[in-house]
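Inspection log for the structure reproduced underneath, given as structure tokens.
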Amino acid sequence: TEFNNPTGLATDDKGNLYIADTNNNAIRMVTQGGYVSTYRTGLNEPTGLCWSNGCLYVAESGAHRVLKLKDGRVVDSIGGGPVEFAAVKDARRCTKTMTKLYDLSNEESEKLGMICGGENTVLFIPID
């Protein structure tokens, strides 16, 4: 397998390595024995990866969403829809007057709710 702009990395509980093969629009898996296989294709510029609770989360930057994969199949997605697009569009209008920074690197980030990336920042949108 020839990689084309590999970006994100993640490992699972068995020690397999997952690589976001961004320009090939795929996720590759490398076993501990060094065998390379294709875990998922047909993505739109995958970049960041994270393994959690038996699932691989993929930041699909070309589609502006995060995918949740289990056994190579999409089981859920966050973002990329009209609601998220409208939220980011609205946020761009008010970023100069309404700004709040959040540390998304700790446990508290799990309690925040929905977040959307835009303008190289992260916007928190409270969901009632």
**OP:** Pick out, from region 1-75, the strands (runs of 3 or more DSSP E) lying fully within it that include 3 or more residues that are in contact with a Leu (Cβ under 9 Å, 6 or more places away or on another chain).
**Re:** 6-11, 17-21, 26-30, 46-52, 55-60, 65-70
Original post:
If only one of 35, 18 is open to solvent by less than 20 Å² (accessible area, probe 1.4 Å), of a type outside the set (Gly, Ala, Ser) and either out of contact with any strand residue (DSSP E or B) (no Cβ under 7 Å at 6 or more places or on another chain) or modelled with pLDDT of 90 or more (or both), which one is it?
Top reply: 18
**OP:** Only residues that are without any contact (Cβ under 8 Å) to a residue 40 or more places away in the chain, under 12 Å from residue 10 (Cα atoms) and open to solvent by 40 Å² or more (accessible area, probe 1.4 Å): list them for region 38-55, please.
**Re:** 52
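The values are calculated or read from the model by the stated rules, or taken from the named source; none is laboratory data. All values reported here derive from a predicted model rather than from experimental measurement. Here Cβ is always computed from backbone atoms with ideal geometry, including for glycine, and neighbour counts include all displayed protein chains. Keep in mind that these areas ignore ligands, DNA and RNA; they rest on the heavy atoms of the full protein, side chains included. Shrake-Rupley method; radii C 1.70, N 1.55, O 1.52, S 1.80 Å.
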